[in-house]
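*Asks:* Handing you this structure, nothing more for now.
Any read-out appearing in this document is the output of simple, stated calculations on the displayed coordinates, not a laboratory observation. Since the structure is predicted, the reported quantities are computational estimates derived from the model, not experimental observations. Note that we place each Cβ from the backbone using ideal geometry, even for glycine, and neighbour counts take in every protein chain shown.
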Amino acid sequence: MSTPTDFLLWVRGPGFDIALVIFLIGVIIRLLEVLVLGRKPDLAEARGTEMGPGLRTVFTRTLPESGSMKRSPFTVVGGYVWHIGFLICLFLFVPHIELINSTLGVKWPGLPSNLVDAVAAVTIVTLLAMLFSRLNHPVKRFLSGPEDYLTWLVTFLPMLTGYLAYHRMIDPYPLVLGLHILSVEVLMVVFPFTKLMHAFTFIFARWYNGAMAGRRGVQS
Amino acid sequence: MSGATLERGLNAFREQMNAPVAAFFSSCVNCGMCAEACLFYTETGDPKYTPINKLEPFRRVWEREYTIFGKIKSMLGLTKPVTDELLAEWEELIYDGCTLCGRCSMVCPVGNDVSYMIRRAREGFVAAGYAPDGIKNASRRAVTIGSPMGVKFPALQAQIKHVEADTGLEIPLDKAGADYMALLSSMEIINFPEYLEALARIFKQAGVSWTISSEAFEATNSGIQIGASDIARELVGRVVDAAEKLKVKYVISPECGHAYTAIRWEGPNLIGRPYNFKVIHILELLDELRASGRIKTEGTDDDRLTFHDPCQIVRKGGVLESPRNLLNMVTSEFVDMKDHREMNWCCGGGGGVSAIERAEELRLKVFKRKTSQLEELKVDKLVTACANCRLVMEEGLEEYKLEIPIVGLTEMIAEYLVEDKE
Amino acid sequence: MADEMMRFTQTLGESLRERGVSRRGFLKFCTATASMMALPPTMVPAIAAALEKARRPSVIWLSFQECTGCTESLTRSHSPTVENLIFDHISLDYHHTLQAAAGEAAEAAREAAMHENEGKYLVVVDGSIPLANPGFSTIAGVSNLQMLEETVKGAAAVVAVGTCAAFGGLPHANPNPTGAVSVSDIVKDKPVVNVSGCPPIPTVITGVLAHFLTFGELPELDHLGRPMTFYGQSIHDRCYRRPFYDKGLFAETFDDEGARKGWCLYRLGCKGPMTYNACATTRWNQGTSWPVESGHGCLGCSEPNFWDTGGFYNALSIPDSDITRNIGAVVAGGVVLGAAAGALNRSKRASAAAKHETVTIDDLDKTS
């Protein structure tokens, strides 16, 4: 890496290739590891159906049950704010849309960049608050281990470096842009090895939950 | 047989792995929201009762043996194995501290059915020898005597004679070709004989053709509670054999929570085939009779009262509407708890907990959740439809010095039957 | 030859007056130079005094693997400007395109200039130096490498003009068949200033020279050896279309509504965010316009490796990836491995089921 431009070109070229391959293959392996296990057919007489309730739970589980909302408001609200903010920054920022279009061939309209910037600021603050909560809430602190903090870090760094890059807070620009892209590649590489997989497996978890309950006539 | 060993336990964990379990473990992000739905956490403040935490031994087997990366991590010495010490430490979390109520499964944001996993994880604990003595003994009695509380047929026979004398009605025994075969839980036979009497009177009025089998009258399934499918299969098999021998159309599951789970949902999967009869919960049957006009009641209970939804019947069982349809028929001042129906809170004694002597202090402590619900409503009476809940709640209300009488729903319906005005 | 010797002893001031440049015109130039280099107005008299007395330094211009575009840019003008006059007043003792002499006479002139001005002459280089085979670029049979090393021995400083000399430029682009390298890859023991650009803006070059003439040293340089005055700001930070970038209004083709409204050209490949140069402020052709103003994205021509930076019409965020063409193969590979992992899981479960020993009430306790 003789110049920052060389660094940028590496992370945007071979670095991206490596990260994308590890990410894709890793995610697919993890998914098939789960799904191929299958489940035995249920011989008890069904009261309701599986598919409808299963699909319904995939969506309705997004809404917190009122008791949970009262007892864990911070986890619920904070969780939504940073997830939605993260997704807005990832999918509705025009330079990212260009990236996705070049990789997957799909495109959609973006948001004004200064609006995405505001969302990013809120997301970063919320992520810090979530870390604070994980360190201080008795249940979360009890449950959390190295993997929980690692996944927080690899999620936080792309937000932080993206913000720094957009505001050009580190000179020269190829360096800070390269750091941002590198931080995303780290996230991609770490992803399949950790609980970050929930981003894909939650669909199946919610479906199984709703299906098994629906079969018994309960909407979960 | 070889007795319980760690290896048998690990083997059982391996057998219990399937796509739902793997999806659930993959998705947990340690958000802790399941703890806030579990009365064992909310009433003790001890994070070890967080539902997903109760599954740690099962989770380790999943990670180390069912994921490629987990296998690599193990080779590098980065994961911890399941040991006897771990299982010994976790025993009280997964047995004393969990009733399989399923509330956690309703709130997990990524959709994990934690209660489903706990049921399967118990298979490993029991095969390794780590179940509390109370439920071990209940299982032994259930298999050898036929009832976890040691109730033998003669004891039931005595009850039957009492009821026949009091009501002047016959309780048909071993009647082949009857439409319905009724099961009873030991708890009902010993503590709440009003249930049997209510059945006799209601079925007489409604003209229901029914019977009880002298060979298999016990509804409670200790095998489900201890988590040993092999034992559960043995116990449920007795009921199935009797029902199919008598060629009944339906088996009635009584006012006992886990009995319904056992016969309605687990049974066919345990024996490996569908039944030659259907299963109906007594409340479902009563609701059908009500809807078709075969039960006539007069008058209502005018006390301000509420209903405790037994977890295995309502949330886990799917008998959602019947209780309230029936209550609407015979009460005038019914109010629901804020968290009601599928989201009601467990009494704290199901799933075997009430059989564990050493868990009594914990069980009474977490009962505070139920008393909070009741105090908020300021009711004069409590109705429920599970004999175990009923006993647990009677003990709990006494502990907290709340004078609220508890009534069984079936018993309550019988009380207002028209024909039985004496 | 004697004529040239006499010219050499003239000061810059004398030479300018001889050409009819008034004192006023001269001072105007000094003011403009001061302002362009972000020097305070109080420096103007100092600049004027220094330039007045400056001995016209000897400049040896070496052209290696280049297209002559840098020279063309610097010397092309339709009307004489003071910049060009300055250029004329440097003693340009060696320049392939501009000099009259050729062959051995030209080489002799170079060696004479080196000898007479030892330690004081400026070497200006355009074009890259091939290392793969010296035969790729030679002058009078001498390889570029050898000529560069010889010529800089007695130089006061080296100015690498154009991206080829500064960073390797076009010949250095993938796969770099000639093994092209930059001046600073070779020259390690003399001050080198990189005046990059493909080509550089004429006023940038004269500004650097004026600084050298005034202060006797090179101006403050950035991490890539470029004068901070001209390369210290990115195109992006000085671009007049920046408000559209911030608002997220982008042209998507060269003739759509956005293009006609003058919106940001990020999506059409503008490399402005990563490019450091003076185009957005100083602009080209005496301030007529510059690429973005004319509707085309910045190519990033003053940056290293700009030819390999992902394509002129690909946005900065687009990866230079081979994998995207083969995504199907990667996914297929994943499916194969995943199916294998799943099969392993199933077989592990099946063998556990086969090893199952029925749990009876006699097995509830451990026997040991």
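*Asks:* Given the convex hull over the Cα atoms of the protein assembly as shown, what projected area results after averaging over all orientations, in nm²?
*Replies:* 52.2 nm²
*Asks:* Against the 2.2 N^0.38 Å scaling, with N counting residues, where does chain C land? I'd like the Cα-based Rg ratio to two decimal places.
*Replies:* Cα Rg divided by the expected 2.2 N^0.38 Å: 1.44.
*Asks:* Here is a further query. Would you mind checking the tilt of helix A:146-166 against the longest principal axis of the Cα atoms of chain A, expressed as 0 to 90 degrees and rounded to 10?
*Replies:* With both axes taken from Cα atoms, the answer is about 40 degrees.
*Asks:* For chain B, what does -39500 (n - 2.57) per DSSP helix run (n ≥ 4), summed and divided by total residues, give at 222 nm, in deg cm²/dmol to the nearest 500?
*Replies:* Value at 222 nm, helices only: -13500 deg cm²/dmol.
*Asks:* What helices in chain C pass both tests, a Cα length along the helix axis of 18 Å or more and a mean Kyte hydropathy of 0.5 or higher, using whole DSSP H runs?
*Replies:* Within chain C the helices that satisfy the rule are C:202-215, C:327-354.
*Asks:* On to the next question. Within 10 Å of each residue's Cβ, count the other Cβ atoms and sort C:211, C:95, A:167 from fewest upward.
*Replies:* A:167, C:95, C:211
*Asks:* Further, regarding this structure: Could you grab the relative contact order for chain A? Cα pairs under 8 Å, six or more apart, rounded to a whole percent. Before the final figure, lay out the partial values.
*Replies:* Values: 209 pairs, mean separation 89.9, N = 220.
Averaging sequence separation for qualifying contacts and normalising by length gives 41 percent for chain A.
*Asks:* Continuing with this model, one more query. Once you sort the root eigenvalues of the Cα gyration tensor of segment B:237-362 as a ≥ b ≥ c, which label holds: rounded (a/c under 1.5), prolate (a/b larger than b/c) or oblate (the other case)?
*Replies:* Values: a/c = 2.43, a/b = 1.19, b/c = 2.04.
Note, shape of segment B:237-362 comes out oblate.
*Asks:* Here's another thing I want to ask about it. Could you tell me whether segment B:164-220 comes out rounded, prolate or oblate from its Cα gyration tensor? Rule is a ≥ b ≥ c as square roots of the eigenvalues, rounded for a/c under 1.5, then prolate if a/b exceeds b/c, otherwise oblate.
*Replies:* Oblate.
*Asks:* Tell me the mean residue ellipticity at 222 nm calculated for chain C from its helices only (DSSP H runs of n ≥ 4, each -39500 (n - 2.57), averaged over every residue, nearest 500).
*Replies:* Calculated mean residue ellipticity at 222 nm is -11500 deg cm²/dmol.
*Asks:* For chain A, what does the helix formula give at 222 nm: sum of -39500 (n - 2.57) over DSSP H segments with n ≥ 4, over the residue count, nearest 500 deg cm²/dmol?
*Replies:* About -23500 deg cm²/dmol.
*Asks:* Something else about it: For the protein assembly as shown, what is the percent of antiparallel DSSP beta bridges, rounded to the nearest 5?
*Replies:* Antiparallel bridges make up about 20 percent of those DSSP assigns within the protein assembly as shown.
*Asks:* Still on this model: Longest segment of chain C with no chymotrypsin sites (Phe, Trp or Tyr not before Pro) in a DSSP loop having at most 15 other Cβ atoms within 10 Å?
*Replies:* That would be C:1-239.
*Asks:* Shifting gears a bit: Would you report the distance distribution of C-alpha pairs in segment A:1-134 as whole percents per 10 angstrom bin, up to the bin with the largest distance?
*Replies:* Per 10 Å bin, starting at zero, the Cα-Cα P(r) for segment A:1-134 comes out as 9, 19, 32, 26, 10, 3, 1 percent.
*Asks:* So what's the projected area for segment B:332-394, the Cα convex hull averaged over all directions, in nm²?
*Replies:* 4.6 nm²
*Asks:* Fewest Cβ neighbours within 10 Å first, please rank B:75, B:181 accordingly.
*Replies:* Lowest count first: B:75, B:181.
*Asks:* Would you please name the GluC sites (Glu not before Pro) within segment B:263-346 that are DSSP coil residues with at most 15 other C-beta atoms within 10 Å of their C-beta?
*Replies:* Those satisfying the criteria are B:298, B:321, B:333.
*Asks:* Sort B:222, A:66 so that the residue with the fewest other Cβ atoms within 10 Å of its own Cβ comes first and the one with the most comes last.
*Replies:* Placing the least packed residue first, the sequence is A:66, B:222.
*Asks:* Of the residues C:281, C:206, C:97, which exhibits the maximal mean-square fluctuation in a Gaussian network model of chain C defined by a 10 Å Cα contact cut-off?
*Replies:* In this elastic network of chain C, the residue with the biggest mean-square fluctuation among C:281, C:206, C:97 is C:97.
*Asks:* Mean projection of the alpha-carbon convex hull of segment A:117-198 over all orientations, in nm²?
*Replies:* Numbers: hull surface 23.1 nm².
Averaging across all directions leaves 5.8 nm² for the Cα convex hull.
*Asks:* Could you work out the Kirkwood radius for chain B, taking every pair of different alpha carbons, averaging 1/r and inverting it, reported in Å?
*Replies:* Answer for chain B: a Kirkwood hydrodynamic radius of 22.2 Å.
*Asks:* Please report the relative contact order for chain C, taking Cα pairs under 8 Å with a sequence separation of at least 6, and give it as a percent rounded to a whole number.
*Replies:* 12 percent
*Asks:* Ok, one more. Return the subset of B:296/B:316; B:136/C:355; B:378/B:401 for which the Cα-Cα distance in this structure is over 19 Å, preserving the input order.
*Replies:* Going by Cα-Cα distance, B:296/B:316; B:136/C:355 fall outside the 19 Å limit.
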